[in-house]
Amino acid sequence: GFILNRRNDVLIMKRAGARWHWQLPQGGVESNETKRQAVLREMREETGLKGLRILGFVENFHAYDWPKAPLYAGDEFRGQRQTLFFLRYTAKGLDVSLDPKEATGSRWVPIHELLKWLAPVRHPMAKKAIASYQQLFKKS
């Protein structure tokens, strides 16, 4: 989830169990929900933010293979295919209430500083996210 506040800062989270690994909040789709339902549920669970509005999305945005697939993957795709959702946080205040199993810190950063904060392994995806944001929302 590429969550933007009213100043167009982006929410990032420090991944639990990692000394220095900042990333965008993320999650998965459960069998009984749509991708739109999943992103709103996951963002609320991970960040505690209510008042999120979907601005747009990019289907099949990013895909990669896991170095070692988990047992539950079976013979299915052994990696992730991601849809990027752009969301607007519309409520007052910037208070984030993290799920401590998911993240140990959060901050709102200007888009032009996003790469400075994110873990290097997240840079290819973040560059694509920034380019998609500029293409979708900065037309003039």
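The values are calculated or read from the model by the stated rules, or taken from the named source; none is laboratory data. Note that the coordinates shown come from a computational prediction; the quantities given were computed from them, not determined experimentally. Neighbour counts are summed over all protein chains in view; Cβ atoms, including those assigned to glycine, are modelled from backbone coordinates with ideal geometry. Note: accessible area is taken over every heavy atom of the protein model, side chains too, but ligands, DNA and RNA are not part of it. Shrake-Rupley method; radii C 1.70, N 1.55, O 1.52, S 1.80 Å.
Does Gly17 satisfy the condition of being modelled with pLDDT under 90, open to solvent by 30 Å² or more (accessible area, probe 1.4 Å), over 27 Å from Lys138 (Cα atoms) and of a type in the set (Gly, Ala, Ser)? Judged against the criteria, Gly17 is a match.
Only a single criterion out of (1) in a loop (DSSP other than H, G, I, E, B); (2) modelled with pLDDT of 90 or more; (3) not polar (S, T, N, Q) is not satisfied by Gly27, namely (2). Filtering the range 85-110 to residues that are buried (at least 18 other Cβ atoms within 10 Å of the Cβ), in contact with a helix residue (DSSP H, G or I) (Cβ under 6 Å, 6 or more places away or on another chain) and not in a loop (DSSP other than H, G, I, E, B) leaves only Phe85.
Of all residues in the range 77-105, those that are within 16 Å of Arg7 (Cα to Cα) and modelled with pLDDT of 90 or more have Cβ atoms under 6 Å from Cβ atoms of residues that are open to solvent by less than 60 Å² (accessible area, probe 1.4 Å) and part of a loop (DSSP other than H, G, I, E, B), 6 or more apart or on another chain, in Leu87/Gly1; Tyr89/Asn5; Tyr89/Leu49. In the range 28-42, which residue that is without any contact (Cβ under 8 Å) to a residue 24 or more places away in the chain and acidic (Asp, Glu) is surrounded by the most Cβ atoms within 10 Å (Cβ to Cβ)? Result: Glu33.
Cβ-Cβ contacts under 8 Å between residues 6 or more apart (or on different chains), taken from a first residue in the range 45-65 that is modelled with pLDDT of 90 or more and open to solvent by less than 40 Å² (accessible area, probe 1.4 Å) to a second residue that is basic (Lys, Arg) and not in a strand (DSSP E or B), are listed as Leu52/Arg44; Ile54/Arg36.
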